[in-house]
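Notes follow once the structure below has been shown.
The values are calculated or read from the model by the stated rules, or taken from the named source; none is laboratory data. Please read these numbers as outputs of a predicted model, since none were measured by experiment. All Cβ positions, glycine included, derive from the backbone under ideal geometry; neighbour counts span all protein chains shown. Accessible surface areas use protein heavy atoms only, side chains included; no ligands, DNA or RNA. Shrake-Rupley method; radii C 1.70, N 1.55, O 1.52, S 1.80 Å.
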Amino acid sequence: YCLPSPVAYVNEAPFHKDIHRVLRLFKAAYTIPSYAWSCLMRNFPVCTVNSAKSGKTMAYLPAICSHLLDRQERYDELSGKTISPLAIIVCPRSKTAEEVYDTMKKLMEYSSNKPDCILAIPPVDKQCLNNFQKQCDALVTTPLTLLSLLRSRIITVKRVCHLILEETDILLEKFSKEIDSLLNLMQSMLEHRNCGQSVQMVISAAHWTQRLENLIKKLNITPLICIASYLEAALYGRADIKMHFLQSKHKMFTLADLLKDTAKKYKTVVICSNNNEVDEAKEYLDTAGIDTLFVYDTLEKQEIMELEMRWLNAHVGKNLVLICTDQTYNCFLNISNSVQLIHYSLPDTWTQFSNRFGCLIDNHVSPLLTNKPNNWIPCRVHIFVTETSTKQYPKLIQWLLRMNIQLPPGFTECFK
């Protein structure tokens, strides 16, 4: 399908007028919603990957609510003789389901044609079950509750046109069998549906995982994939990430060993935390004879631009290594086609760490492609972790565990 243009401002999104009344105070659209909204309004499948508490639910909910407000015209082909929601939002936790449900109610508070929305979370009491005696247009629920309602034939999926998986990375980790059962049921229903209405898949996640990739590969139509984090994009693009747990005094030797075999073959960026580290690397790399451009914070903007152009224009087999600090990288450089990234040290914040991966963004290839481009080389990432990385330790440990990276003996003791 042909993707529509992203929207720059909230008032440009093709939502129902009642949704715009609620969103009237919002101006510029964030990056993920700007791409997702137009696609969702055209009934395209969408997968968004954005950090927790980033407002990623709002990347899909205004569009889904707009569809529900237009339900008489949009779904007139579907039979009304069965208790079946038009939209099902599946959440891994009751708290998440409550938050999504409350947001739905707020988005449609000005409408005189409100759809029947039901929140079904454990424990499902008699009052909740009584809500299903009339039509249900939207259901916000958890996996086990949803399957229980379906098995008890309290509801069916015969009218479902939108299936939304909220916090999908968590759903697939904790309820993989239940999600598989639900998708199989949807497929079976579609095979017997007598009209042209399909089921729009909406997937929202905080992290790109192998389970998420496997789920998307099972879908009949590949969704638009929107990833907000450069780090998650690197995982999506199958970057080859290697951790180096070492003492600070050995960093320059390890750096030289890495660059000795790869510097000329791959466009390489090395990022340090400060100018002192750039000096440290310079002293050793000059001696090792590795062609390197050293970009200091103290250089004039014009000098930095000239060094960047030298790095960009270097030919394959004659590539130069570019070494800079986080401040220079974030404020002055515009690099996106590096093949190799080396974290000489960890920055002060996790956001800075994630942003460093932006220098690789042009070389990622979708794992969903059956045929990879000729001469494609996966991006390479090397991360130096030393006894001085204590500030980043808690977040780093979470990430390493998620990546299933084995911590070396004695690593934890370094940070006590």
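Per-structure values
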read-out	value
Only one of K242, K217 that is in a helix (DSSP H, G or I), touching a residue at least 60 places away in the same chain (Cβ under 8 Å) and open to solvent by 70 Å² or more (accessible area, probe 1.4 Å)	K217
Residues within the stretch 245-284 that are open to solvent by less than 60 Å² (accessible area, probe 1.4 Å) and more than 22 Å from T388 (Cα to Cα), tallied	6
Condition check for L231: assigned to a helix (DSSP H, G or I), within 27 Å of K177 (Cβ to Cβ) and aliphatic (A, V, I, L, M)	no
Selection count where residues are open to solvent by 40 Å² or more (accessible area, probe 1.4 Å) and more than 26 Å from Y75 (Cα to Cα), scope the stretch 46-64	5
Hits in the stretch 238-268 - residues which are under 18 Å from L360 (Cβ atoms) and of a type in the set (K, R)	R238, K242, K265, K267
Which listed residue is surrounded by fewer than 22 Cβ atoms within 10 Å (Cβ to Cβ), among the acidic types (D, E) and at pLDDT 95 or above, from D102, D76	D102
Filter result for T222 (touching a strand residue (DSSP E or B) at 6+ places or on another chain (Cβ under 6 Å) and closer than 23 Å to P6 by Cβ)	no
Residue within the stretch 384-400 that is among the hydrophobic types (A, V, I, L, M, F, W, C), part of a loop (DSSP other than H, G, I, E, B) and either under 24 Å from Q210 (Cα atoms) or at pLDDT 80 or above (or both) present	no
Residues (more than 15 Å from the chain's Cα centre (by Cα) and either at pLDDT 95 or above or of a type in the set (A, V, I, L, M) (or both)) located in the stretch 196-213	V199, Q200, M201
Subset tally (residues that are touching a Cys at 6+ places or on another chain (Cβ under 8 Å) and farther than 14 Å from T48 by Cα) for the stretch 151-170	1
Hits in the stretch 4-14 - residues which are open to solvent by 30 Å² or more (accessible area, probe 1.4 Å) and in a loop (DSSP other than H, G, I, E, B)	S5, P6, A8, P14
Residue satisfying all of: in the stretch 110-141; open to solvent by 10 Å² or more (accessible area, probe 1.4 Å) and under 27 Å from the mean Cα position of the chain (by Cα); nearest to F175 (Cα to Cα) among these	I121
Scan of the stretch 24-45 for residues that are open to solvent by 20 Å² or more (accessible area, probe 1.4 Å) and among the aromatic types (F, W, Y), ordered by number	F26, Y30, Y35, F44
Some residue of the stretch 15-23 being touching a Pro at 6+ places or on another chain (Cβ under 6 Å), open to solvent by 10 Å² or more (accessible area, probe 1.4 Å) and on the phi < 0 side of the Ramachandran plot	yes
Output for the stretch 195-214, where each listed residue is open to solvent by 40 Å² or more (accessible area, probe 1.4 Å), of a type outside the set (S, T, Y) and either more than 16 Å from E167 (Cβ to Cβ) or in contact with a Lys or Arg (Cβ under 8 Å, 6 or more places away or on another chain) (or both)	G196, H207, Q210, N214
Matching option when the condition is over 22 Å from A206 (Cα atoms), of a type outside the set (A, V, I, L, M) and not in a loop (DSSP other than H, G, I, E, B), among K95, K106, K114, K81	K106
Number of positions in the stretch 79-93 that are touching a helix residue (DSSP H, G or I) at 6+ places or on another chain (Cβ under 9 Å) and open to solvent by 10 Å² or more (accessible area, probe 1.4 Å)	3
Long-range neighbours under 6 Å by Cβ, at least six apart or interchain, first residue touching a residue at least 40 places away in the same chain (Cβ under 8 Å) within the stretch 268-289, second of a type in the set (S, T, Y) and in a helix (DSSP H, G or I)	I271/Y329
Residue in the stretch 232-243 that is among the charged types (D, E, K, R) and out of contact with any strand residue (DSSP E or B) (no Cβ under 6 Å at 6 or more places or on another chain) present	yes
Residues that are touching a residue at least 40 places away in the same chain (Cβ under 8 Å), crowded, with 18+ Cβ neighbours inside 10 Å and either under 20 Å from C65 (Cα atoms) or under 30 Å from the mean Cα position of the chain (by Cα) (or both), drawn from the stretch 142-161	T142, P143, L146, V157, R159, V160, C161
